[in-house]
1. All other residues with a Cβ under 14 Å from the Cβ of M103 taken together, and with Lys, Arg as +1 and Asp, Glu as -1, what is their net charge?
2. How much net charge surrounds V176 when only the other residues with a Cβ under 13 Å from the Cβ of V176 are counted, with Lys and Arg +1 and Asp and Glu -1?
3. In whole Å, how far is the Cα centre of the range 152-191 from that of the range 11-75?
4. Tell me which residues come under 5 Å, amide H to amide H, from A116 once H is placed; ignore anything under 5 positions away on its chain.
5. Between rounded, prolate and oblate, where does the range 141-191 land on the alpha carbon gyration tensor, with a ≥ b ≥ c its root eigenvalues, rounded for a/c under 1.5, else prolate if a/b exceeds b/c?
6. 5 Å is the cut-off here: which amide hydrogens, built 1.01 Å from N in the peptide plane, fall below it relative to S34, excluding neighbours closer than 5 in sequence?
7. Just the Cα atoms of the chain: what Rg and Dmax do they give in Å?
8. In terms of solvent-accessible area of protein heavy atoms at a 1.4 angstrom probe, what is the ranking of E121, E143, E26, highest value first?
Amino acid sequence: MSEKLNIVLFGPPGAGKGTQSTFLIEKYGLVHLSTGDLLRAEIHAETELGKAARELMDAGELVADHIVIGMIKNMMEAHLEAKGFVFDGFPRTRAQAEALDAMLNAKSEPITCMLALEVPEEELVKRLLGRGATSGRSDDQDEHVIRKRIREYEEKTAPLKDYYQAQDKYKGINGVGSIADITTRLVQAIG
Ligand code: AMP
C-alpha cells in the first residue's frame, strides 16, 4: 500500500478548490498542482502555450488534454520527494483521469480519494463574480463566460464522479458554509 496521499480536489468553478487546497497542502505537507495556476503562469510569461491557452480560457472552454497532462507529468517528475499531491482543477476529462491513473499506477502511488465539493449553480455564479471584482481574472468577470465554464464542467468533468465511484474513491462534500467548516468536512473525509 502506498503511503503517499494523492487527493483529487474536485468541483465546479467557484466551489472553493483553490481555497481549500491551501489548507490541505499545509496540514498534510502535500504539493499543490493546479493546472489553472500553471496555465495562468504561462500566460503571464507570454509563452506560445500561454497565448494559445488564453483564448480558450477567456471563452470558458477547456485546454487540450495533452497540454495539461504534459504539465502535470512535468510537475510530478519535479517533485519525486513529495508526500503526495493535491490535484486542483485536474483531471477535467476522462482522458485526463485515465492518463493520471496510468502515471500514478506506474509508480504504485494511486489516487487516495476524490473529494468533490458540491455547491449550487447560483451560489457559484455569485462567488465567481465576487472573485472577478478583485482578482483580475478575466474569466471571472463575465457572467456568460462563467456559465459556459459551468456547462463545460457539467458536460465533460462531472461524469468523472462515476469514474472514481467505480474505484470506490468518490467522496461528496457539502461545499456551502464557512471556509473552516468545509475544511473540517474535508479532513474528516480523508480520515
Ligand atoms: P481553473 O483555474 O481551474 O478554474 O481553470 C481556469 C481555466 O483554465 C479553465 O476554464 C480552462 O480553460 C483551463 N483549464 C484549467 N485546468 C484545465 C484542465 N485540467 N483541462 C483543460 N482545461 C483546463
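1. -2
2. Summing Lys/Arg as +1 and Asp/Glu as -1 gives -2.
3. 18 Å
4. Hits under the 5 Å cutoff: F10, K171, G172, I173.
5. Because a/c hits 1.5 or more and a/b fails to exceed b/c, the range 141-191 counts as oblate.
6. D88
7. Calculated on Cα positions, Rg and Dmax stand at 15.9, 46 Å.
8. E26, E143, E121
The values are calculated or read from the model by the stated rules, or taken from the named source; none is laboratory data. Source: prediction; values computed, not measured. Neighbour counts are summed over all protein chains in view; Cβ atoms, including those assigned to glycine, are modelled from backbone coordinates with ideal geometry. Quick note on the areas: whole protein, heavy atoms, side chains included, nothing else; ligands and nucleic acids left out. Shrake-Rupley method; radii C 1.70, N 1.55, O 1.52, S 1.80 Å.
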